[in-house]
Structures are given as structure tokens and as C-alpha cells.
1. Please go through region 84-100 and give me each residue that is surrounded by fewer than 19 Cβ atoms within 10 Å (Cβ to Cβ) and either of a type outside the set (A, V, I, L, M, F, W, C) or touching a residue at least 60 places away in the same chain (Cβ under 8 Å) (or both), ordered by number.
2. Consider residue 103 carefully, then state whether it is open to solvent by 10 Å² or more (accessible area, probe 1.4 Å), out of contact with any Ser or Thr (no Cβ under 7 Å at 6 or more places or on another chain) and within 18 Å of residue 54 (Cα to Cα).
3. Cβ-Cβ distance below 8 Å, separation of 6 or more or different chains: which pairs start in region 159-177 with a residue that is open to solvent by 10 Å² or more (accessible area, probe 1.4 Å) and end on one that is outside any helix (DSSP H, G or I) and of a type in the set (Asp, Glu)?
4. State all residues of region 55-73 that are within 15 Å of residue 132 (Cα to Cα), open to solvent by 10 Å² or more (accessible area, probe 1.4 Å) and not aliphatic (A, V, I, L, M); if no residue qualifies, say none.
5. Can you spot a residue in region 96-109 that is in a helix (DSSP H, G or I) and in contact with a Pro (Cβ under 8 Å, 6 or more places away or on another chain)?
6. Quick test for you: out of 199, 186, pick the one residue that is of a type outside the set (A, V, I, L, M, F, W, C) and open to solvent by 30 Å² or more (accessible area, probe 1.4 Å).
Amino acid sequence: MECTGRRFRAGPEECLDTGADAVRKEAPIVILPKVRDPRFVTIRRGGTLTDEDHHLLALWAADCAEHVLGLFEAARPEDPRPREAIEAARAWVRGEVRMMQARAAGGHAMGAARDLRGAPRFAAYAAGQAAVVAHVAAHELGAAAYAIKAVRASVPKEESEAAGRRECRWQRDRLPEAIRELVLDDQRLRNDICWSVFDC
């Protein structure tokens, strides 16, 4: 299979556009809506999202990913890519790196997940999704959803749903007021394509 397109959508055999080289095989499911919500498109690109709110979305996504980063680092302590992706998201907000650099760091973090399973894999995906919020703001739910999946996968099956609900509530408690209603509405609208992890 050749990865030539820029879209990256469901399925382990589909392409992931990392902003550098496309990654084949075992790409994460990217939970973007079929039709872009203008609330997650910046004003200069024809949407309604301010730069300030875009930055808040990136910081919140980075917090969600960082909260579960230990699940990856316990499995791969020598691999800095997910941590670097989270740092890139924050550096982008501070104006220290360009969007393409943050986006590439996100792709590298998702590449770190390639040969992993369970909680470490989902934690790396959460970090990757957080970094690509700089490129597409709607990835904020990717970071949050993969973080919840990481927590759910880190506990025995009978504790999974309760652990996921706790993580979801932890995330919501950290939502800045300026974007709170936007994110909660986004969770409601995309919950079905986010494995219903936002039922908390």
C-alpha cells in the first residue's frame, strides 16, 4: 500500500500523514468529523476559532496527554518522542516552534506507538494528538480520548469503565473556562466516534 494522501482516517492499514513522512501500518484511528466544525477552524482560515482559544485547546490536550505519559514511559523509558511531542505543543503556544515542527513531533510520537499494545500505545497516541492540535484544533479530543483509553487499558477489565470515567472527569476539571462549553459540546457531538469515552 502506498501512502500518498493527506487524509488519515480509521483503520490499522490506512495512512497517517505526520507532516514529514507518512507512516504505514498500525496508524491510530483519528477521530475527526467528516465535516469540519467551523468552531475549530481559525478565523484567518474562515472559521470562528481565535488564536487564544486555539492555544488553550493545545494546552489542555497537552495536559491530558501528560497525565498518562507515565504509562508509555514505564514501557519505553528510553524513548523521548511522546514527551517531546507534548513539549512541542506547549512550545508552539509560546511561539517557540512553528506549527509544522509541532505537527512533525506529533507524528514521531505516534510512530513510537507502532510496535506497542494497550496502555503504552494509547498514551503515545495521546501525546501525538496533543502536538497536532497546532495544525488541526479538533485533535484536542484525540488527545483526551486516547488518554482515557490508556487509563482504561492500564487496569483490570472490571475496573476499566470506572477508571475511564475518573480520567474523563479529571480532564473536564482542568478545562479552562474560555473553552469549556466548546469542548463539552464537541465531546457530546463526537462521543460516538470516540469509543463513547466521554460518558462521564
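1. 84, 94, 95, 96, 98, 100
2. It is true that residue 103 is open to solvent by 10 Å² or more (accessible area, probe 1.4 Å), out of contact with any Ser or Thr (no Cβ under 7 Å at 6 or more places or on another chain) and within 18 Å of residue 54 (Cα to Cα).
3. 165/199
4. Within region 55-73, 55, 63, 66 qualify.
5. Yes; the residues of region 96-109 include at least one that is in a helix (DSSP H, G or I) and in contact with a Pro (Cβ under 8 Å, 6 or more places away or on another chain).
6. Checking each option against the conditions leaves just 199.
The values are calculated or read from the model by the stated rules, or taken from the named source; none is laboratory data. Quick caveat: nothing in here was measured; it's all calculated off a predicted structure. Methodologically, a virtual Cβ is constructed for each residue, glycine included, from the backbone with ideal geometry; neighbour enumeration extends over all protein chains shown. Please note that ligands, DNA and RNA were not included when accessible areas were found on the heavy atoms of the full protein model with its side chains. Shrake-Rupley method; radii C 1.70, N 1.55, O 1.52, S 1.80 Å.
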